[in-house]
Amino acid sequence: MKPAPPVTSVFMPPTVTAGRRTRHDGCPPRPDNRPSPAQAMLKLMKNVFSPSETTAVIRALRERRTTGPLRFDSAAEPDHAVVAEAVESARWAPNHKRTEPWRFFLLNKDRIGALADVNAERMRRNGASEANIEAKHREWSSKPGVMIVLCQHAAEHDDILRKQNYAACAAASQNFQLHLFASGIASKWSTAACWDVPGFWELLGFEGWPELVEPVGIFSYGVPASVPPARRNLDRTEILRNFRETGDAPAG
Ligand SMILES: Cc1cc2nc3c(=O)[nH]c(=O)nc-3n(C[C@H](O)[C@H](O)[C@H](O)COP(=O)(O)O)c2cc1C
């Protein structure tokens, strides 16, 4: 009886012989001589993902949840060096014409306090009750960490490129949040319009709203004590029109 073929995974690393990659990557040979998925992956990266690495990436994409200050562990200090390091992941987001429009501002304790004051003033201007303002001020000043993300356009960028710049900053912000999530740090993206309130730009080191700058978000982060439930209104079948399954020809 022939021995059973080894269990293979498309993600199995290839065997390397004398510094050269061979075709023996654990996948059965393909009759059409097409590269296996693992060999294709090697064109994208130096080392293919192990199955558990692939699973970890996909889990991070699906399991990250917006987790706000009320769910942070007030007794635990997040590792702020990890947060600074997450900017390294953020800056590899796709960006059209390599404008690299993202700018990051990691606040210290004093600046988080100043931001809480600015937010209180924003709420006051919006007619919030004093009780509400006070509660939010407590919440904002207790944030263990805050990163602010801005989008820097250039004068020669047209409207389309500016839209692309903002989209790139959103992609970078998601990279940033995923890096934190994978490191055990929870975060929340807020767009509370603090930038309209006096004092906001000063706490980032500017004298006022700088030219060609568009705010992207205020990211609070901390060690989670609990996580919110996952919620989506639409499932995959409602958002994906899969012509590969329906086989429809184009109309007309
Ligand atoms: C561009 C953008 C702006 C957001 N602004 C706020 C905000 O101002 N306040 C807030 O509570 N959440 C804000 N969020 C977080 C969303 O509310 C959150 O992503 C949504 O509830 C889905 O939850 P999930 O991230 O856990 O999937 C924002 C998210 C994005 C992408």
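The numbers here are math on the coordinates, done by the rules we state, and not lab data. Because the structure is predicted, anything quoted here is derived from the model rather than measured. Glycine gets a Cβ as well: all are built from the backbone with ideal geometry, and neighbour counts include every protein chain shown.
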Select from segment 60-84 the residues that are within 11 Å of the ligand (Cβ to nearest atom) and among the polar types (S, T, N, Q) and write down the one among them that is surrounded by the fewest Cβ atoms within 10 Å (Cβ to Cβ). T66
If a residue must be within 11 Å of the ligand (Cβ to nearest atom) and touching a Ser or Thr at 6+ places or on another chain (Cβ under 8 Å), how many such residues does segment 179-209 contain? 6
Are there any pairs with C-beta distances below 7 angstrom linking a residue in segment 172-193 that is more than 27 Å from E121 (Cα to Cα) to a residue that is hydroxyl-bearing (S, T, Y) and more than 8 Å from the ligand (Cβ to nearest atom), with the two at least 6 apart or on different chains, and if so which? N175/S89; F176/S89; Q177/S187; H179/S89; L180/S187; L180/Y221; I185/Y221
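Mind counting the residues in segment 210-252 that are among the aliphatic types (A, V, I, L, M), surrounded by 12 or more Cβ atoms within 10 Å (Cβ to Cβ) and within 12 Å of the ligand (Cβ to nearest atom)? Steps first, please.
Of the residues in segment 210-252, the ones among the aliphatic types (A, V, I, L, M) are 212-213, 216, 218, 223, 225, 227, 230, 234, 239-240, 249, 251.
Now restrict to residues that are surrounded by 12 or more Cβ atoms within 10 Å (Cβ to Cβ): 212-213, 216, 218, 223, 225, 227.
Then keep just the ones that are within 12 Å of the ligand (Cβ to nearest atom); that gives 216, 218, 227.
Result for segment 210-252: 3.
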Close pairs (9 angstrom Cβ cut-off, 6 or more residues apart or separate chains): part of a loop (DSSP other than H, G, I, E, B) in segment 220-232, surrounded by 14 or more Cβ atoms within 10 Å (Cβ to Cβ) and aromatic (F, W, Y) anywhere: V223/F72; A225/F72
All but one of (1) without any contact (Cβ under 8 Å) to a residue 24 or more places away in the chain; (2) more than 30 Å from L161 (Cα to Cα); (3) of a type outside the set (K, R) hold for T54; state the number of the condition that does not hold. (1)
Any chance segment 142-164 includes a residue that's more than 16 Å from the ligand (Cβ to nearest atom), part of a strand (DSSP E or B) and either at positive phi or among the small types (G, A, S) (or both)? yes
